[in-house]
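The values are calculated or read from the model by the stated rules, or taken from the named source; none is laboratory data. Everything numeric in this text was worked out from a predicted model, so none of it was measured. Glycine gets a Cβ as well: all are built from the backbone with ideal geometry, and neighbour counts include every protein chain shown. Remember, those area values only see protein heavy atoms, side chains included, never the ligands or the DNA or RNA. Shrake-Rupley method; radii C 1.70, N 1.55, O 1.52, S 1.80 Å.
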Amino acid sequence: MSLQPGSRLGPYEIVSRVGAGGMGEVFRARDTRLGRIVAVKTLPAQLAKNAQLRLRLQREAKSISALTHPNICALYDVGESDGVDYLVMEYLEGETLAARIARGPLAVEEALRVAIEIAEALEVAHREGIVHRDLKPGNVILTKSGAKLLDFGLARAADPIAVAPDAPTVQHANEPLTAEGTIVGTFQYMAPEQLEGLTADARTDIFAFGTLLYEMVTGKRAFGGKTKTSLIASIVGSTPQPISALRPITPRALDHVVQRCLEKDPDARWQSAHDIRLELEWIAKQLDAPETAARKRFAFVPWVIAALALAAAAIAGVMATRAQRAESIPFTTHILPPKGHTFDRLMDTLAISPDGRYVILGVAGDDRLWLRAIDSMEAKPIEGTKDSMFPFWSPDSRWIAFFADGKLKKAGLGGAPPLTLCDAPRGRSGSWNDDDVILFSPTTITSIHRVAASGGIAQPVTTLDAAQKETTHRWPQFLPDGKRFLYLAGTHSETAASDLNGVYLTSLDAPRERKLVLRARSHVIYTKGHLLYVKDNLLVAHPFDVKSGTLKGDPFRVADQVEYDAGFFRAAFAATPSGLIAYRMSASATTGRLAWAENGRLGEPFGAPHDFDTLRLSPDLRRVAVTIADRVSGLNDLWIFDTASGDATRLTNTADLNELSPIWSPDGTRIVFSRHAGFAGDSEICIVAADGGMRERVLHELKKIESRPTSWSGDGKFILFNALDGSSGPLRVDVLLMPMDGGAPRPFLDHAYNEGEASFSPDGRWVAYLSNESGEEQVYVTNFPEATAKVLVSSVSAFGLTWSDEGILIVSEDAIRLFPVTAEGARVVVGTPRIVLPMQAGIINGSVTRADRQLLVVRKSDPYENTVTLTTEWMQRAPR
């Protein structure tokens with residue numbers, strides 16, 4: 001029966017129960033003689049008659065009493081009271097290493113410090129001939145004074161231990177506590193020889209030490225299995241993945257230390273804890289070398305890119321600056337995308353860890369977040385982050401929060417599966433303070449909410465101001481005090497220049513009391529006494545008095561042409577508290593120049609670079625209608641490019657409105673396009689002469705629906721268009737058919753799926769379209785005008801499509817393919833596809849249109865446009 005508070009064991013008064021384990025119960029108690037708090041460990045009464053366990057308890061007492069070291073839990077006393085055997089030990093304030101690892105992997109420096117302290121404790125124990133035999137995270141306590149090793153209950157003394165002759169069951173003095181063939185310990189941390197029941201020695205502890213160090217750094221156990229049998233097989237027969245493969249920033253020397261600890265043959269392991277300690281101390285000193293220490297304080301080693309291999313888009317060389325400390329060396333460098341990839345979605349993925357060691361990125365064709373250590377050349381996807389957006393970091397740089405599957409989630413750097421924190425149907429990025437409070441926006445049209453970093457139900461913090469036409473609060477940013485925060489209050493119905501968009505300052509204590517800091521339609525980051533934000537497509541830094549919460553002086557330029565989207569109220573930049581800034585150099589992911597592609601090869605680009613949204617070739621191939629995003633307002637205008645000269649002429653210029661999706665009439669004289677005021681707002685389908693010779697005319701108005709024309713039938717009688725409705729919930733995309741004789745549009749594909757990009761075949765008998773009926777965007781063909789049958793053309797996930805004379809061109813993440821399509825009576829037959837153009841690094845996905853056997857695409861013209869810039873030089877331009 002467990003002891004109750006107030007009961008006594010000799011002079012020790014029980015205060016509370018702390019826990020229990022295989023060797024008994026542990027209580028917090030008070031030594032009535034000395035008035036100090038101690039830990040009392042008892043052998044449960046129901047087990048007291050077991051001579052084996054009593055002997056084990058006595059042996060633990062003798063083992064611990066022989067050890068004196070700051071990193072070993074001290075033994076004060078041993079006794080027996082009313083048939084209860086007990087030990088009295090130092091009471092430790094802290095948490096177990098197991099509890100610490102459960103929160104995520106330790107920083108390398110912290111793991112090394114703890115490991116060195118454990119190695120010192122083992123070194124002392126082994127010198128006294130004592131083997132722990134149950135080294136695991138639960139037997140290490142992290143205290144303010146350092147790590148403490150405890151629970152030598154399974155220790156085996158090398159020297160014989162006398163046993164009272166009247167003991168109920170007596171082992172001979174020269175026999176080990178546990179007989180040969182008996183397994184003692186915790187499976188996950190056992191050495192192979194332990195599993196076989198062989199005699200354990202110091203090298204057995206060294207194997208367990210390797211598993212412990214591996215788990216501290218990665219957050220994962222070195223060996224795993226769903227059953228004891230599979231776990232044992234893993235320990236005996238497998239080799240764990242190197243630490244540096246899971247955490248690229250880890251010193252390679254640490255891989256060597258751990259791998260040698262985990263050798264299956266004890267003779268191949270380190271032979272002493274002393275040798276391990278020396279190795280770990282050497283690694284720690286390398287991390288604390290002047291150039292590395294400077295990196296830690298300044299959050300970045302001043303790596304200088306020696307060259308960029310432009311054609312291969314790969315870094316040719318890197319050198320570390322050693323002559324000076326990083327604080328005194330302003331620098332600018334570039335991060336290239338992972339080999340074989342291009343950057344994409346950086347506006348909703350780019351984030352730097354507060355310590356400046358890691359950057360999160362997005363790549364084309366992969367909807368996961370990618371993690372790269374700044375001082376590494378490799379980036380790797382973060383597992384469990386499919387379809388994720390807007391990541392942000394914990395203040396200690398150990399956790400990444402992000403939005404996916406309608407939830408706010410977090411993931412540790414060690415690779416453990418993400419944890420769900422709360423609902424966030426259409427979440428927008430957040431901020432995480434030292435008190436583990438997270439601020440975020442659960443949807444695009446709500447206020448700022450808060451939730452604990454451990455999870456729970458999110459609660460609103462701010463309130464939308466209807467008088468100011470506010471439709472969104474987003475991009476919260478904690479200031480250094482962890483209480484006050486900045487956030488953007490915006491309106492979807494106005495442009496970037498509107499005075500209704502502003503950044504406000506408030507606090508967790510009084511969120512209704514807010515102060516306007518500046519007018520902007522951009523997220524804001526505070527760093528080094530400045531606010532960073534985008535203005536007129538420039539990334540600027542504005543001096544900011546953080547104490548008073550007021551701007552000082554004038555903003556100054558940090559970078560030009562930063563990727564920006566007024567619809568998201570956000571730009572592609574991030575920063576650390578120490579002043580390291582990362583940003584996307586191009587204005588947006590769609591900035592490029594037009595180029596012809598023929599026979600699988602890309603030609604030279606022509607015309608000026610722009611942010612092309614869509615492009616459509618005229619029937620005679622001499623002109624291309626495009627929509628170009630304005631880099632300040634984010635709104636699109638309609639332009640006509642000459643494919644021979646590259647000259648461009650603006651066709652529309654309507655303030656505060658978007659022109660989208662131009663399509664040509666069959667004779668090439670007119671263009672139909674859509675115009676709308678904002679997401680889920682009213683839209684118009686308009687027509688204009690391609691040479692600008694006639695005034696625009698509205699063909700049809702749609703209320704609270706965004707329209708996008710996609711195809712004009714060859715006989716000129718019908719137009720297909722996408723209807724995007726997001727006014728009453730999740731975005732819904734349908735295909736509508738509009739007669740050109742003035743009749744009202746009607747649904748053409750009336751299904752319960754998102755369907756769009758519908759396109760007439762050249763003969764007008766068929767319509768190809770995209771549908772997510774299967775869960776992925778795939779291409780189907782149906783008959784026109786009845787739409788009574790359908791044929792799956794491609795099971796490959798597609799981004800876009802267009803008809804050619806031979807079939808259908810389908811754009812996927814890796815290539816543009818031609819799917820031959822022929823009509824056999826009332827049905828179509830799809831032939832074997834062939835790749836007509838690989839989606840090379842220079843092509844912007846989806847920007848393709850038909851031109852017989854030629855393709856017109858948008859391609860990158862500058863290799864630097866597909867980089868992320870890292871810089872600290874901006875601080876040199878700050879007013880003195």
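When the surface is traced with a 1.4 Å probe over the full set of protein chains, residue 749 keeps roughly 10 Å² accessible. Peptides 111-123, 506-518, 365-377 ranked from most to least packed, by the mean per-residue count of other Cβ atoms within 10 Å: 111-123, 365-377, 506-518. Kindly flag which residue pairs out of 285/339; 148/285; 407/552; 136/410 have an alpha-carbon separation exceeding 28 Å in this structure. Pairs exceeding 28 Å: 285/339; 407/552. Straight-line reach from residue 409: which lysines have a Cα under 25 Å away, not including same-chain ones fewer than 8 places off? Answer for residue 409, where 25 Å is the Cα cut-off: 220, 380, 386, 483, listed by chain and number.
Computed on the Cα trace of segment 526-605, the radius of gyration divided by the Kirkwood hydrodynamic radius gives Rg/Rh = 1.19. With R₀ fixed at 35 Å, the C-beta to C-beta distance from residue 69 to residue 396 puts the FRET efficiency at about 0.75.
Under 19 Å of direct C-alpha separation, and excluding same-chain neighbours fewer than eight residues apart, residue 226 reaches these aspartates and glutamates: 215. Full extension of the chain between residue 103 and residue 717 gives 214.7 nm of extra length, using 0.36 nm per residue less the Cα-Cα distance.
The heavy atoms of residue 68 present about 120 square angstrom of accessible area, all protein chains included, probe 1.4 Å.
Return the FRET efficiency for the residue pair residue 806, residue 236: r is the Cβ-Cβ distance, R0 is 51 Å, and the value is rounded to the nearest 0.05. The pair residue 806/residue 236 has a calculated efficiency of 0.30. Were the residues from residue 599 through residue 649 laid out at 0.36 nm apart, the gain over their Cα-Cα distance would be 15.0 nm. The heavy atoms of residue 650 present about 100 square angstrom of accessible area, all protein chains included, probe 1.4 Å. Protein-only accessible surface at a 1.4 angstrom probe places the residues 732, 570 in the order 732, 570, largest first. In plain terms, the chain from residue 199 to residue 274 could stretch by 24.9 nm, reckoned as 0.36 nm per residue minus the Cα-Cα distance. Using the Cβ-Cβ distance between residue 285 and residue 127 with R0 set to 30 Å, the FRET efficiency from 1/(1 + (r/R0)^6) comes to roughly 0.80.
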